[in-house]
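Asker: Dropping a structure here in structure tokens format, bear with me for questions.
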Amino acid sequence: MMNKEHLSKKTFPWAHVIGYVGSIVLTVLALWFTVKAPLSQGSIITILLALAILQILIQLIFFMHITESRGPAYHSIAIALGFLFTFAVVAGSLWVMTFNSQVQ
């Protein structure tokens, strides 16, 4: 159960607001660079990858609270495993799409 001290210390969740606004800004920037920016395709892909990495960091820090606790090691292992699975899916998809064009 929650004690009275914990209930009296509730404050406005500024971290969530900052994370939400940051996520929206990064999403709008990604859309703008994709639709309107007069840059080469390689430059746009590089910028989108950088924005995606920033988006991941914002999600981990502000919403998954990765920096707030010193919990068990399995939290870090789960996140590392998630990155490994993501890498495997993206790499496998790129591999299939690359070699599929040679079969036809």
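The values are calculated or read from the model by the stated rules, or taken from the named source; none is laboratory data. What you are looking at is a predicted structure, and each value in this text was computed from that prediction instead of being measured. Cβ: placed from backbone, ideal geometry, glycine included. Neighbour counts: every protein chain shown.
Asker: Is it true that residue 86 is at negative phi, of a type in the set (Ser, Thr, Tyr), more than 11 Å from the chain's Cα centre (by Cα) and modelled with pLDDT under 90?
Answerer: Criteria not met by residue 86.
One line per residue, one yes/no per condition, for (1) at pLDDT 80 or above; (2) touching a Ser or Thr at 6+ places or on another chain (Cβ under 9 Å); (3) not acidic (Asp, Glu):
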site	(1), (2), (3)
5	no, no, no
12	yes, no, yes
15	yes, no, yes
51	yes, yes, yes
56	yes, no, yes
79	yes, no, yes
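Asker: In the range 21-37, what residues are touching a residue at least 12 places away in the same chain (Cβ under 8 Å) and within 15 Å of the chain's Cα centre (by Cα)?
Answerer: Once the filter is applied, which keeps residues that are touching a residue at least 12 places away in the same chain (Cβ under 8 Å) and within 15 Å of the chain's Cα centre (by Cα), the range 21-37 yields 22, 23, 26, 27, 29, 30.
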